[in-house]
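As structure tokens, the structure follows; a few thoughts come after it.
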Amino acid sequence: MTIKYVYSFQEGSARMKNLLGGKGANLAEMTNAGLPVPPGFTVTTDACHAFFKFGNRLTDEMVRQILAALRQLETEKGQAFGDPYQPLLVSVRSGSVSSMPGMMDTILNLGLNDETVKGLAAATRNERFAYDCYRRLIQMFGNVVLGIEGFQFEMLLHRLKAKLGVELDQDVTAEGWRELIEAYKSCVRKNTGREFPQNVYEQLKLAAEAVFQSWNNQRAQVYRRINRIPDHQGTAVNIQSMVFGNRGDDCGTGVVFTRNPSTGEPVLFGEYLINAQGEDVVAGVRTPQTIETLKSAMPEMYAQLAQVCGQLERHYKDMQDIEFTVENGKLYVLQTRSGKRNAQAAMRIAVDLVNEGVLTREKALLRIEASHLDQLLHRGLDDAAVQDVLAIGLPASPGAAIGMIAFEADTAAEWKQAGKQVILVRPETTPEDIHGVLAAEGVLTSRGGMTSHAAVVARGMGKPCVCGCEDIRIDEERKQMTAGGRSFSEGEWITLDGATGRVIAGVVPLKEATASNELKQMLAWADEVRSLRVYANADTPEDARIARGFGAEGIGLCRTEHMFFAPHRLEVMQRMIMADTQEERRAALAHLLPIQQSDFEGIFAEMDGLPVTVRLLDPPLHEFLPKLSELQAALSEADSEQEGERIKRMIRKVQALHEANPMLGQRGCRLGIVYPEIYDMQIEALFKAASAQIERRVEIHLEIMIPLVGDASELKLLRELVDEVAEQVLGSDKRRNCRYKVGTMIEVPRAALTAKQIAAHADFFSFGTNDLTQMTFGYSRDDAEGKFLAHYLDKKLLANNPFQVLDSEGVGQLIDWAVTAGRSLKPKLKTGICGEHGGDKESIAFCHRVGLDYVSCSPYRIPMARIAAAQAAVEQGKHADSSQTAKVV
Ligand code: PEP
Ligand code: MG
């Protein structure tokens, strides 16, 4: 069976986007809606796949179908391709499935040669116009098909205009264009060793092949990677009869948006040029005029354009970006697509379209992109002022920041105290740097990925962060950073853009976040639609307050270790770790207890009436002690014997605690089992805090979470400990007033596999997908992102970084299994996710699909998560209703 590779515009529709590409599908849709579209046809994305499969060339069958469609076009237009009297001219344009503006190639005026150009001149009685078209063809063909750099043609054009003493293209005469054509032809000859093809069929074939080929040009590949567009989509090629905006002063060409793409205001917005062809607008050869001026210059044309804009917007139910051409006073639409817009405009347009009755709330919600919320909720850069980009790293936490470089956390903290703005610049950060992160406006690291310590902590604090920026070198000793061949000392100013990963020299003006009424409206609609609850990962009362402000419905993860890193707390923690006996340890813990208790009291007060999930201590103990190398350095500088002894003792402890594989070592519940007194203290602090707040009439919903459980026996043992301490602290009377749950994180694959046994002792499951991903893939999360993961992504062995986007195929299967197994024993078992994936749109959709009750993410991601949860509910609609199990409140 022959495959149909070519569709005329009459044969297609907007629904055929995968086959015809966005542009082809829209041209077909517009043709069939009766809009003035020049006739043409589309060569499909299937043809693109076959093109690459058969050695980067059009197959005979494709050529046959293209020629058949061309014959039909000739009949429709009453012209013939290559005809010396009535030549048909066509454009060849790319049209990918997902919009990739400007990434691939276009060639106009195909069908011109030394003979047909004369025919065109005679038929249009406009010689100047005909030769202008011909020189444009050679220029575009030379550049796109033959790979000659554009500047060579630009230079020749420039020289000609200088020789003729004219400034503007429209002042060049037919004679001038003829001269330029000769110069262009010899440029082609010189660069390629061949003549510009006079055979129009050869032109067409080579042009179509070049457009397919442009799917794999470098900028298209980069664009796809950034925008997560799959490589297998491919592009279609649109071959369309030409209309000309460069035939005289009643002609022109332009681009119009149906609403203002920067503000969302419902007014036409765009530019046009009289007597010009499409690429003149883009190339900036002449300064275009605003659409507003068309109203007085060509009132009828403006009215026609406004009418077409309205029709297209109602048809597509979205703001459109339209390319149009006017030929001798007649309007043609060459393309329409959903217009790119900034976040503020996106929100306003979506809300306005709902209010105008064009869109439903659900459909409007689907229009919101995560990046829109990042822009609206964080400070951004005034892009016009960005000049000196030094390096680009991973956009780990959105927002922009300016500050003076500080290479150490202590320096950052000191400078902040002194009222300075700082950017903490480190190879990577560890929990010990937390005070520096807190003090800094933003964080820049040269190593580490999107789930590195710096990234996670900065996101949690809503601070801009650029991670894994390998283009910068940090010399910690000399306190210098080199980037882009330049050297920067501590104290010099830089700007970070956490949304794009840019590191910029000097100070770039910032734009404040703008939480508009439209955003609030959209979030309110999202809350009506979604079924997933949205909790926050919050470790302090301040985080909790911010989270609640963003609409958090509870805390899904409070990492208690973060409470121990502040300077005076860390000393007590270290004393506890250094203790040789349980008594000594208990004594040190007794000092930590009131500190923990007061933190918990603060969090409970902020979350009055909402669930607070507190995780008992998780990291391995060595993380609280200095590094071995630092201790050795300190030992050589110790100024007393006593001090030397103290350091030596610490060195011995650090060596004793050393683990080959700390992520799989003595951490999580294993710590609580070996040192029950640590968990004892934490549980006591929790219940004391709860008890104190109950006295103050705060409504407590405490959920105690045990980390890193791999076997039901671990949870059983620790649950007994919780109940015992609760009894001791609250007494049986108070116990009745303090409702609490005990649950576990599911972050070890074995816990997922034995979820039914574990559920017997759990009131809830919270999927710790950072560890679950790490352990399921067997990728150390500290090493993978900095080492092989980028390589894997480049080689497309993995579609996404699994630490950012939940791997639904593998890790997701474990989650699905654990939810089903857990609920087979306890149908109302509460389930949620608290790994970084809880703030990722695709992963949230997965959580909705498997019927989790909540997602938990950093406070600043909450608005995005509310929208993503609503989008998942809308998209998965009825399917989810029937498969979801009962929810627990
Ligand atoms: C997790 O593993 O997903 C998790 C939330 O815990 P942490 O990142 O603190 O190990
Ligand atoms: Mg974990």
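The values are calculated or read from the model by the stated rules, or taken from the named source; none is laboratory data. Remember, it's a predicted structure, so these values are computed and weren't measured experimentally. Every residue, glycine as well, gets a Cβ built from its backbone with ideal geometry; the counts of neighbours run over all protein chains shown. Areas reflect the complete protein model, heavy atoms only, side chains present, ligands, DNA and RNA absent. Shrake-Rupley method; radii C 1.70, N 1.55, O 1.52, S 1.80 Å.
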Residue under evaluation residue 170, criteria (1) modelled with pLDDT under 95; (2) among the polar types (S, T, N, Q); (3) open to solvent by less than 10 Å² (accessible area, probe 1.4 Å), criterion not met: (3)
Hits in region 162-191 (condition: of a type in the set (Lys, Arg), in contact (Cβ under 8 Å) with a residue 12 or more places away in the chain and more than 15 Å from residue 127 (Cβ to Cβ)): 185
Tabulated pairs, region 859-878, first without any contact (Cβ under 8 Å) to a residue 40 or more places away in the chain, second open to solvent by less than 30 Å² (accessible area, probe 1.4 Å) and part of a helix (DSSP H, G or I), C-beta under 9 angstrom, 6+ apart or interchain: 876/845; 876/848
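Assess whether residue 230 counts as being within 30 Å of residue 371 (Cβ to Cβ) and either under 22 Å from the mean Cα position of the chain (by Cα) or surrounded by 14 or more Cβ atoms within 10 Å (Cβ to Cβ) (or both).
yes
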Strands (runs of 3 or more DSSP E) (entirely within region 223-327) containing at least 3 residues that are touching a residue at least 40 places away in the same chain (Cβ under 8 Å): 235-241, 252-257, 320-327
Any pair with Cβ under 6 angstrom, 6 or more apart, that starts in region 339-352 at a residue that is assigned to a helix (DSSP H, G or I) and ends at one that is among the charged types (D, E, K, R): 347/518; 348/518; 349/259; 350/367; 351/518
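Which helices (runs of 4 or more DSSP H) sit wholly inside region 520-627 and have at least 1 residues that are in contact with a strand residue (DSSP E or B) (Cβ under 8 Å, 6 or more places away or on another chain)?
Numbers: elements: 541-549, 567-578, 582-606.
It comes to 541-549, 582-606.
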Among the residues listed as 428, 432, the single one being among the acidic types (Asp, Glu) and closer than 19 Å to residue 473 by Cβ: 428
Qualifying positions in region 437-478 - polar (S, T, N, Q) and within 17 Å of residue 493 (Cα to Cα): 445
Of residues in region 187-224 being more than 32 Å from the chain's Cα centre (by Cα) and surrounded by fewer than 13 Cβ atoms within 10 Å (Cβ to Cβ), the one nearest to residue 50 (Cα to Cα): 202
Selection from region 763-792 of residues that are of a type in the set (Gly, Ala, Ser) and within 16 Å of ligand 2 (Cβ to nearest atom): 766, 768, 778, 780, 784
Evaluation of residue 647 against (1) of a type in the set (A, V, I, L, M); (2) more than 16 Å from ligand 1 (Cβ to nearest atom); (3) open to solvent by less than 20 Å² (accessible area, probe 1.4 Å); (4) under 43 Å from the mean Cα position of the chain (by Cα) (one fails), failing number: (4)
The listed residue being away from ligand 2 (no atom under 16 Å from the Cβ) and under 37 Å from the mean Cα position of the chain (by Cα), out of 702, 717: 702
Any hit, region 874-882, residues being within 16 Å of ligand 2 (Cβ to nearest atom) and out of contact with any Lys or Arg (no Cβ under 7 Å at 6 or more places or on another chain): no
Within region 786-819, tally of residues that are under 17 Å from the mean Cα position of the chain (by Cα) and open to solvent by less than 30 Å² (accessible area, probe 1.4 Å): 5
Given (1) open to solvent by 10 Å² or more (accessible area, probe 1.4 Å); (2) more than 20 Å from residue 869 (Cα to Cα), index of the condition residue 822 fails: (1)
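Among the residues of region 407-419, is there at least one that is closer than 26 Å to residue 837 by Cα and open to solvent by 10 Å² or more (accessible area, probe 1.4 Å)? Even if it seems obvious, please write down each step before you answer.
Applying the first criterion (closer than 26 Å to residue 837 by Cα) to region 407-419 yields none.
Within region 407-419, none of the residues are closer than 26 Å to residue 837 by Cα and open to solvent by 10 Å² or more (accessible area, probe 1.4 Å).
Conditions (1) within 17 Å of residue 540 (Cβ to Cβ); (2) in contact (Cβ under 8 Å) with a residue 40 or more places away in the chain; (3) of a type in the set (A, V, I, L, M, F, W, C), marked per residue:
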residue	(1), (2), (3)
552	yes, yes, yes
559	yes, yes, no
569	yes, no, no
579	no, no, yes
588	no, no, yes
601	yes, yes, no
605	yes, yes, yes
615	yes, yes, no
618	yes, yes, no
Residues of region 786-841 that turn out to be more than 16 Å from ligand 1 (Cβ to nearest atom) and over 22 Å from residue 531 (Cα atoms), as a count: 17
Hits in region 549-577 - residues which are modelled with pLDDT under 90, in contact with a His (Cβ under 8 Å, 6 or more places away or on another chain) and crowded, with 18+ Cβ neighbours inside 10 Å: 565
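Test residue 430 against the criterion of being open to solvent by 30 Å² or more (accessible area, probe 1.4 Å), touching a residue at least 12 places away in the same chain (Cβ under 8 Å) and β-branched (Val, Ile, Thr), and give yes or no. Write out each step before concluding.
Working: open to solvent by 30 Å² or more (accessible area, probe 1.4 Å): yes; touching a residue at least 12 places away in the same chain (Cβ under 8 Å): yes; β-branched (Val, Ile, Thr): yes.
It is true that residue 430 is open to solvent by 30 Å² or more (accessible area, probe 1.4 Å), touching a residue at least 12 places away in the same chain (Cβ under 8 Å) and β-branched (Val, Ile, Thr).
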Any chance residue 766 is surrounded by 24 or more Cβ atoms within 10 Å (Cβ to Cβ) and either assigned to a helix (DSSP H, G or I) or within 16 Å of ligand 1 (Cβ to nearest atom) (or both): yes
